[in-house]
Amino acid sequence: MGTRKPGLRELKKHRTRENISLHATRLFMERGFDNVTIAEIAAAAQVSKMTVTNYFPRKEDLAWELNERFADMPAKAVRARRTGEGALAAVRRACLEQVAEQDPMAGFSGTKFARMVADSPVLVARLLHFHDYREKSLARVLAEETGETENDITHRLVAAQLNAVLRLMFEETVRLTLEGLANDVITGEVTRAAEIAFDALEPSFGDYAVRV
């Protein structure tokens, strides 16, 4: 079966969402996240305030449109792990791929966006929420994949440790971005840091949730 092409209604909704996001990002970068209102975003995108909030219930969602891809990355990596590959190896591979690709979801957002987030308590809090959600999402998948109960400690411990590495690498990427380093330099620095961090976890968790 071929892939179903989106209909006109879906295309229109996608374009509306993209248009709102584009204008919101421009305004945020020009004036700062906390200094822009939903009404101003609606006016710039030439839509109603209700349309904006239908697509983005909270203003911070406009700055984090790709939050699901960010939050679900390690869980998806574990689900898709290869035969003979454990949870740590799968998350490690996914992390290093994102860094090599200079993916915005790994923190490669550019100086303006990184500064906008750093200067906004609302966005900093939202980012912390994403990190927390990501850990819980990973823990749920690990429990499913290993047959552990919800309250077992092992999958929660592994999720916390793996997510801690991802969070550190994200924060390191943002820190180096704000220092003005080029992306290629940041990629090298963060890759080396990630290798050290994942190597440190290998003795304890390398054999956990290996797919047979």
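The values are calculated or read from the model by the stated rules, or taken from the named source; none is laboratory data. In this text, all values refer to a predicted model and were calculated from it rather than measured experimentally. Neighbour counts are summed over all protein chains in view; Cβ atoms, including those assigned to glycine, are modelled from backbone coordinates with ideal geometry. Surface accessibility is based on the protein's heavy atoms, side chains included, excluding ligands, DNA and RNA. Shrake-Rupley method; radii C 1.70, N 1.55, O 1.52, S 1.80 Å.
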field: Pairs where the first residue, in segment 87-107, is at pLDDT below 95 and the second is surrounded by fewer than 18 Cβ atoms within 10 Å (Cβ to Cβ) and of a type in the set (D, E, K, R), C-beta under 7 Å, 6+ apart
entry: M105/R69
statement: For S204, the lone unmet condition from (1) in a loop (DSSP other than H, G, I, E, B); (2) open to solvent by 60 Å² or more (accessible area, probe 1.4 Å); (3) polar (S, T, N, Q); (4) in contact with a helix residue (DSSP H, G or I) (Cβ under 9 Å, 6 or more places away or on another chain) is (1)
query: Restricted to segment 145-159, and to residues that are surrounded by 14 or more Cβ atoms within 10 Å (Cβ to Cβ) and in a helix (DSSP H, G or I), which residue is nearest to the chain's Cα centre (by Cα)?
result: A159
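Okay, residues lined up against (1) loosely packed, with under 15 Cβ neighbours inside 10 Å; (2) closer than 20 Å to G110 by Cβ; (3) among the hydroxyl-bearing types (S, T, Y):
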residue	(1), (2), (3)
H14	yes, no, no
E18	yes, yes, no
H23	no, yes, no
F28	no, yes, no
A42	no, no, no
V47	no, no, no
V52	no, no, no
Y55	no, no, yes
Output for segment 69-115, where each listed residue is open to solvent by 20 Å² or more (accessible area, probe 1.4 Å), closer than 14 Å to E135 by Cα and not hydrophobic (A, V, I, L, M, F, W, C): R69, D72, K76
- request: Report the residue count in segment 40-99 for those that are outside any loop (DSSP other than H, G, I, E, B), hydrophobic (A, V, I, L, M, F, W, C) and closer than 16 Å to N19 by Cα.
  value: 9
